[in-house]
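What follows is a set of notes on a single structure, which appears directly below.
The values are calculated or read from the model by the stated rules, or taken from the named source; none is laboratory data. All values derive from a computational prediction rather than experimental measurement. Note that we place each Cβ from the backbone using ideal geometry, even for glycine, and neighbour counts take in every protein chain shown. Surface accessibility is based on the protein's heavy atoms, side chains included, excluding ligands, DNA and RNA. Shrake-Rupley method; radii C 1.70, N 1.55, O 1.52, S 1.80 Å.
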Amino acid sequence: MSSTKNSKDNTTAATTTPGRYSYFYNKKIKQAEQDIQFRKQYETIGKQTSQLLKGLTIYVNGHTIPGRLQIHDMVVLNGGRFLHHLSSKGSATHIIASSLPPKKRIEFKNYKVINPQWLVDCIKQQKIVPWQEYSILKSNIEQPSILKTSSVVTTPGNKTGPPDCNDPNFLVDYFKHSRLHHLSEWKASLRQKFVESYRDIQPLTHSDSSYTILHIDFDCFFATVAYLFRDKRKTPTLDFDKDPIAVCHGVKNSDIASCNYAARKFGLKNGMWVGTAEKMLPNDIKLTTLPYDFEHIEKGSKVFYSVLQGIEQFYCVLPVSIDEAICVMAKDAMENKQTLLQLCNALRQRIKHETSGCVVSVGVSDSLVLARLALRTAKPNGVFLFDNNSESQDSTDVNQFWSSFKLDDLPGVGRSTLKKIRDKYPKVKTLHDLRQSCQNVASLQSVLGNKLGEKVCLALRGKDDDESARIIYDPINVFQRKSISIDINWGIRFKDMVEIDRFLDVCSDYLVNQKLAEYNKLTSSITLKLMQRCVDAPIDPPKYMGMGRCDPFTTSSRLGVPTNDDGIIATELKHMFRTLPVPPVELRGVSIQFNRLVDANDAVDPNAKVGLSLLFQSGHASSTAITTTTPPTRSIESPHDRGESTDPHRRYKRLKRSPVKERQDQLESNQRQAYQQQFFQELPTQIRKDVQHELEITRKVKGSKLQRMKEKLQKRENAIQNMNSHFMNNDSIFVPIKFQKETNFEKICSMVNDWVRETIKEKGPHERDLQFFKKYLNKLCDSDRVHLVLRLADMVSVTLNLMSHKYGDREGFLEWEMILLKFIVPLMNRNRHTFQTERKLDIEYDI
Ligand code: DCP
Ligand code: CA
Ligand code: CA
């Protein structure tokens, strides 16, 4: 009976442990054990076994002849491993299929995909015959069976060997080498300093709505720093003005962070891949790649800000980023242009001198948008002043200025806005053209909507919209730290949940004990975003250890009360991870964000670690913890997906309910949900989790098709009981066997069929229902009615086959497949002797 126990254990694990990862994890570790059990079972019924397929892992895709079950038997009996679910590519050595749709052809292009005859012939000849002749993807014959792993072993830190995300220092190392992390940290720290030093300063007023704005930015900053402080022995003759130079991690599949203007002449841009950039250069010109020099970048930036902050004429210096600032001056500074230009050139000189050669350019005008455009004109190595209001401004100069910009040079015009403008005005190429075509707000609003239309219209007249102008008039609020986050999009390769839990501990330790502590904040809301490898994306993406193509999964948790307790946050993160259906091995990126930050000084007890437990003890009523999960688009079911009709009348007919009744029910259900949510809001996290778990189980039990049927069949109980008393003894073939209070086999069939169909779509049958079902099947076997088990098995098999197309990946589907394979079929085999026509049992199950 060990197989029955096995099957039960497996089902229990899958039902009670949340998430698919545990299902697969359990399945994987039990696979070998179950195969041995199977072999033993088959041996006991007199089948020959061999070790012919030892070391091979076989997966069956779709409908095959012989069927999946038979192939399973053949594989297990001959010492191979049968894979029930292709959870990660590379885990199968062979895929057996009769045909493949185009999508799967691409997905499986690096596999040995063969027709079932290969297996039949192997067994017949008792040797592994060459698979190539049986390949159903003729194009993959030369390919290896498992996707190749990248041969590049250079990490961003230029260390050798692959990065190890389980290393406790991984996070620190990752941040040390991540330019994006540096950029966001620098920006945050500059803004924090701004907020601290400007807190008591009188803000600039909106009524006095005109200032002179200087937009100042380093030219190709990282590239300049890298060049100036390079190892001169390696590149003694490098000429910054002539040779194309780029800063990157040195690998073909890495991004260019910054390239010099000599490189930009050939069309190279920041953010481009090195490989792409190299292709853009003429054959005789080589791209020189230099490493990041974060230390000198930081030093250069410090000089930049200290020079700007020392200039008395500036009302304020607004930090945009590590290499860029907006300086605000009096409106009348524009009146003496010569003096203004002298000031600009003087500051450029000083910065260049004090940074040993880093050049800034300056754009000057009377609005943010015009200063930014003027900066573009000034670059590289220049100053450009555009006076939008001067009467002396020559109209040809104005036209020339606007004509020099492409549409997307205008702040706020991204790819989708650009498309809308182009669709409407195909002839418009420059900002000058757009100014000509859109003379009024209405015309732009009709294309871009009210808000963006107005913003673009204002910008074309050289004015800032209120939202953009907030940086001048309300800088404290704009720069106030609103969130703290980390984003790890490289090197994430985990094996299991244990490793992930450890990683989440490291993350919360960093976020709480370093970041929250640094900013003296508490958080009351956490967002976790996971990036999961797309099903058809390669295991090893083009960028070494990068994310590749991914599907995002996001979940948020409102703790309800601000905390800086790393234990609580780590627990919450682990719980949140488990609510997302991302198997550990498919994880490629993690980002964690703390929102709703509050000053630790404003908290109830600033000296204590503030946690939910504190509030729980004091019976605080407002502690809340609601987790909202945003499923990715692909997991949102449409009525079509659920096999429901979108025609409302048809739906009502099917449900046998009137539209009015349905509306009432909907109302009631909404009320119930609101009430339930309110209830949750009152609970501390730990309690909430327990209650949620309990509710989940109750919901599942209540919602189970079988439970509803139980109620329906209740009425018949007495009658059936009376009937039972007419039969002689329990072992008689005439004793009706009850399932869910029903004895009529046809009705049981239809009930089971409904039950299977419903639970396939979700998380599988409820454990209790399943136990009753197993008991029923056992009773059928024990009373010489294996043929009825066979009919039920056949029915389940057909249902699985019919639903595999839409629901083949669902937990419920996999569970039913498992029940059929690991419980029902062995049950029939165990009772073969009682079954008149043994041949009938060799029926093929097309699952
Ligand atoms: N940066 C990056 N990745 C990008 C863009 C920028 O790492 N995709 C880094 C490197 C840049 C720095 O930020 O040197 C400043 O960005 P800028 O956009 O100001 O670009 P540069 O200073 O390199 O060039 P420009 O002369 O256009 O300002
Ligand atoms: Ca720059
Ligand atoms: Ca910049």
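Observations on the structure shown:
- Residue selected from segment 242-287 under the condition in contact with a Ser or Thr (Cβ under 6 Å, 6 or more places away or on another chain) and within 16 Å of ligand 3 (Cβ to nearest atom), by the criterion most open to solvent (accessible area, probe 1.4 Å): N270
- Every test in (1) in contact with a Lys or Arg (Cβ under 8 Å, 6 or more places away or on another chain); (2) modelled with pLDDT of 85 or more is passed by F772 save one, and that test is (1).
- Residue within segment 43-55 that is closer than 26 Å to I539 by Cα and without any contact (Cβ under 8 Å) to a residue 24 or more places away in the chain present: no
- Residue in segment 284-301 that is within 16 Å of ligand 2 (Cβ to nearest atom), hydroxyl-bearing (S, T, Y) and free of Cβ contacts under 8 Å to residues at least 40 places away in the same chain present: no
- Qualifying residue in segment 352-360 (condition: within 14 Å of ligand 1 (Cβ to nearest atom), in contact (Cβ under 8 Å) with a residue 24 or more places away in the chain, at negative phi and open to solvent by 50 Å² or more (accessible area, probe 1.4 Å)): no
- Residues that are without any contact (Cβ under 8 Å) to a residue 40 or more places away in the chain and either under 43 Å from the mean Cα position of the chain (by Cα) or surrounded by 19 or more Cβ atoms within 10 Å (Cβ to Cβ) (or both) were ranked within segment 321-351; the one that is farthest from ligand 2 (Cβ to nearest atom) is L343.
- A330 vs. criteria within 28 Å of S390 (Cα to Cα) and more than 16 Å from ligand 3 (Cβ to nearest atom): yes
- Top-ranked residue of segment 380-389 - restricted to ones that are in contact with a Lys or Arg (Cβ under 9 Å, 6 or more places away or on another chain) and more than 16 Å from ligand 2 (Cβ to nearest atom), ranked as least open to solvent (accessible area, probe 1.4 Å): D387
- One residue stands out among those in segment 80-100 that are at pLDDT 85 or above and in a loop (DSSP other than H, G, I, E, B): the one that is nearest to L800 (Cα to Cα), which is A97.
- Residue match in segment 452-468 (condition: among the basic types (K, R), open to solvent by 40 Å² or more (accessible area, probe 1.4 Å), touching a strand residue (DSSP E or B) at 6+ places or on another chain (Cβ under 9 Å) and not in a helix (DSSP H, G or I)): no
- As a summary of the residue check, R179 satisfies the conditions (1) within 26 Å of the chain's Cα centre (by Cα); (2) open to solvent by less than 20 Å² (accessible area, probe 1.4 Å); (3) within 16 Å of ligand 3 (Cβ to nearest atom) except for the one numbered (2).
- Looking only at residues of segment 333-355 that are touching a Ser or Thr at 6+ places or on another chain (Cβ under 9 Å) and within 16 Å of ligand 3 (Cβ to nearest atom), we find that the one that is farthest from S367 (Cα to Cα) is T355.
- Those residues of segment 212-241 which are surrounded by fewer than 22 Cβ atoms within 10 Å (Cβ to Cβ) and more than 16 Å from ligand 2 (Cβ to nearest atom), in sequence order: F229, R230, D231, K232, R233, K234, T235, P236, T237, L238, D239, D241
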